[in-house]
Structure formats: C-alpha cells, structure tokens
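We did not get these values from a lab; they are worked out from the coordinates using the rules stated. Quick caveat: nothing in here was measured; it's all calculated off a predicted structure. All Cβ positions, glycine included, derive from the backbone under ideal geometry; neighbour counts span all protein chains shown.
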Amino acid sequence: MLEIDAAAYPLAAGVSRIVPADVPADFRTHGWPARWVGWLPVPGAPPAGAGHCGRMRIAPDGSPVELYARLPERTAEAELVHRLLPPGGDVLDLGCGTGRLAEPLARLGHPVTAVDNEPAMLAALRAATGVQADLTTLDLGARFAAVLLMSHFVDMADAGFVSTVLGVVRRHLRDDGFALVERHPPGWVSAAQESAGERDGVRFVLTDLDRAGQVLTATVRYEFDGGAAEQRFSVRDLDDASLADLAAGVGLRLDTVLDDDGTLVLLRPTPG
C-alpha cells in the first residue's frame, strides 16, 4: 500500500533509522519484504498519544494501519471513477485499506465491495461493504462494473503475483466494465533517490535503495504522532508495454492512461 512520490522530494539531511534489537528480521509477503517494526520514538518529537501502546498494528503486507487511518480520502480519484461509471454502477476495490477510495465512492451512490486481508483496515469502513480475504485466491462469484487495483500492486517485483492478481481482476470484471490500476510513474524505479518529505502530517523517508537489474528494493519510513514504522519493498518498472503484456495474459487490454504522470491506467476486457 505504498503511496509516496519520494522522487519528488529533496534529499533528507541527518535522517537516522531507529530499529530496536527485538524486531524480528524480515517479514515477507508476495514480493514486499516488509520489516515488522513497532512504535519507535522519533528524537525531538512530542510523546505519542495514549492510543499508542508501544506497538502499532501492521498489516500482512507491512502497511501500518494507524498511518492509513489518518491519511485523507482519495476524493479526486473517487470523482474520476464516478464519472467513468454508469449511474449506480457497482465497484470492487481490491486491497482497499481503510477505504480511502471505497468510502467516497460509496457516498457517490455506488455499491462498493471493499476487500482487504487486514481486519483492522476493514474496521474503518462505514458506507462500503468489507470482505476480509487474500487477493490471490479471491472468488466472490460476482462481476462488477469496475474493479480497482490501486496502491501499486502491479509494480510488485513478483511477476507471478501480479499476474495472479490481474487474473482476479478479470474474473470479477463484467465484459463491458473497466479496471483501474495504479502504478508508479514509468521510469520511477531508475529515477528514485534517497529522499524525504511531509504530507498530511506524516513524514515520509525513502532510504536504503538497492537495485538489481530491473528491480528496486528500498525502505520507506513513516514518522507521525511521535513515532515511526518502516516498510521494505521490492518493485520493478512497469511501462505501458510491460503492463499491456501482463494484462493480455489474463484477458485484459490497456485502454487509456488517465493522468499526465502515467500512474492511473484503465484496463478493459479483451473482446471475444
């Protein structure tokens, strides 16, 4: 669920990483090597609130639940999907997190089924219908007017995982429907540098970059409310041709790139 355009931020000075000795080594799921990190004090920051009892809840992919609970809704993307849908068109949101996209879409009049494998994420849903499930094995026995696969799932280094999840997208998509996927801007993997910036009261730090061929492995550190968590991830660059090839393998075709950065891409079922 990484959501950081770290390449746009200037290089951070004096950034220190704090990893306590009792943190387990590596926690790996589907190509995202995620370091499980407790609630770490940030030097000079105010004490954490009473709700932080020493460890934050970490989702299976390494995402800190408290982080996504505090980030704002993705209203611009919700409006975009709303304009593409027919009135009342139903939506499946895969890897929905706390519903930052699912909730505003539901309030716009669309029945939204929101899927995540972390119950603490789903607990934040109000208007959308939550389903706790693994994306790789999901089969709801239903098809939707739109299927959303956001948060850079398609960038994961494990191409087999990406193909499997795109197959789940196709299985749940009506023949006249569309899928919206989110990726890093093409070229981001080669351009990314150690950097830091702040957005919505959260400081994001990108560090420990390691490139092996077409794959970038790095650590993103989230600092907020006087503490921090780290998530290590592995991604590969996904240009239009690469995405089109992956999509074609599961009966989808690349239809339209919707934004100037090339991050939001519309896929449709292959005719016939």
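Assorted remarks:
- The Cβ shell under 11 Å around residue 159 holds other residues with a net charge of -2, Lys and Arg each +1, Asp and Glu each -1.
- Amide H contacts of residue 255 (H built 1.01 Å from N, under 5 Å, at least 5 apart or other chain): 266, 267, 268
- Linear extension gain, residue 132 paired with residue 256, 0.36 nm per residue minus alpha-carbon span: 41.6 nm
- Within-9-Å neighbourhood charge of residue 117 [Cβ basis; K, R +1; D, E -1]: -4
- Order of 125, 84 - criterion: other Cβ atoms within 10 Å of each residue's Cβ, fewest first: 84, 125
- Reduced Cα scattering model of segment 114-272, Debye log10 I(q)/I(0), q = 0.14, 0.17 Å⁻¹: -0.82, -1.15
- Charge sum, other residues only, whose C-beta stays under 13 Å from residue 93's C-beta, Lys/Arg counted +1 and Asp/Glu -1: -4
- Using Cβ point charges alone (K and R +1, D and E -1), the dipole size of segment 88-152 about the Cα centre works out to roughly 240 debye.
- Under a 5 Å amide H cut-off, with hydrogens placed 1.01 Å from N, residue 151 pairs with 182 among residues at least 5 apart or on other chains.
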